[in-house]
């Protein structure tokens, strides 16, 4: 194929959840181009070998089974996921890339959890482009943008959920808090501001009664791993401007991964972010993680957690161990106590 040739995309039914601002009318052509991939670049690819990910999530949350030979669009993004992969955007064009998330993100796996399969591989057919050959990039197609450029002094109360790592129960605890505050009569909005695109976390908050939900993909970013600090802070500020302007509301904020992870550490070290915190809930998978994480949060960031929650609160044994070493309230996300929620969050 001639590198300057543009080809018609004949049939496309799925826009992945990593690119909610992309419209089908913008996905009409692709071209072969050896340019270096960049975050958010959209490619047209063919599923080659099915590995860990056997389905793809569309931007409405539906899960589609995928098969070898399927032709779909994907977006370049990095991923940090101890339970799955660390993956980085390749530094040059590759004829084959790895599907690193069900949301349709591709990159090159540099390490993986040994309990997971090798990634599903994608043959790169070309970059998605317009008729003039301009390559489609998700960052240029945000789903939403804030109307205001300056924050009001009085804003929604921000309750932050951080944890030991992925799958420590942050999303579940955040959804339980949404439910509790909603039942107490408050309007609640919820955002996930770092991580890798996936709808299940913010949809769980939507199910719990959040008035509006959002994440970094709404601003065009398929993932946040390896973004510069000013961009991470900008994502936070834009979501704050868009969804947390009303002072009588609550804004539930989840930060992906653990408190020693790169972007999480950036936020927790930033005064602009920390001065917005109304309450901070630390989530862990077990008692020792809760005890140690609470201490590290204080020692490294000078932040005192307001409560412990997450997976560890599912068992009375963990709760008993936590109470032996800390005087923090334990918020049981699987069975939130409304009286406790009122005392803890208001």
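Is one or more of the residues making up the range 273-284 buried (at least 22 other Cβ atoms within 10 Å of the Cβ), touching a strand residue (DSSP E or B) at 6+ places or on another chain (Cβ under 8 Å), assigned to a loop (DSSP other than H, G, I, E, B) and assigned by TED's automatic domain parsing to the domain that holds residue 326? The answer is yes, given that some residue of the range 273-284 is buried (at least 22 other Cβ atoms within 10 Å of the Cβ), touching a strand residue (DSSP E or B) at 6+ places or on another chain (Cβ under 8 Å), assigned to a loop (DSSP other than H, G, I, E, B) and assigned by TED's automatic domain parsing to the domain that holds residue 326.
For residue 194, the conditions (1) assigned to a helix (DSSP H, G or I); (2) in contact (Cβ under 8 Å) with a residue 12 or more places away in the chain; (3) closer than 23 Å to residue 38 by Cα are fulfilled apart from (1).
Could you please let me know if residue 328 is surrounded by 13 or more Cβ atoms within 10 Å (Cβ to Cβ), in contact with a strand residue (DSSP E or B) (Cβ under 6 Å, 6 or more places away or on another chain), touching a residue at least 12 places away in the same chain (Cβ under 8 Å) and under 22 Å from residue 253 (Cβ atoms)? So that I can check it myself, show each step before the final result.
Details: surrounded by 13 or more Cβ atoms within 10 Å (Cβ to Cβ): yes; in contact with a strand residue (DSSP E or B) (Cβ under 6 Å, 6 or more places away or on another chain): yes; touching a residue at least 12 places away in the same chain (Cβ under 8 Å): yes; under 22 Å from residue 253 (Cβ atoms): yes.
The answer is yes for residue 328.
Of all residues in the range 201-238, those satisfying the criterion of being in a helix (DSSP H, G or I), touching a residue at least 60 places away in the same chain (Cβ under 8 Å) and touching a strand residue (DSSP E or B) at 6+ places or on another chain (Cβ under 9 Å) are 203, 217, 218. Inside the range 156-170, residues that are out of contact with any strand residue (DSSP E or B) (no Cβ under 6 Å at 6 or more places or on another chain) and either surrounded by 24 or more Cβ atoms within 10 Å (Cβ to Cβ) or outside the structural domain of residue 269 (by TED's automatic domain parsing) (or both) make up a count of 0.
Residues of the range 243-272 that are part of a helix (DSSP H, G or I), in contact with a helix residue (DSSP H, G or I) (Cβ under 7 Å, 6 or more places away or on another chain) and free of Cβ contacts under 8 Å to residues at least 40 places away in the same chain: 266, 272.
The values are calculated or read from the model by the stated rules, or taken from the named source; none is laboratory data. Remember, predicted model here, so these are calculated numbers, not experimental data. Neighbour counts run over all protein chains shown; Cβ positions are idealised from the backbone, glycine included.
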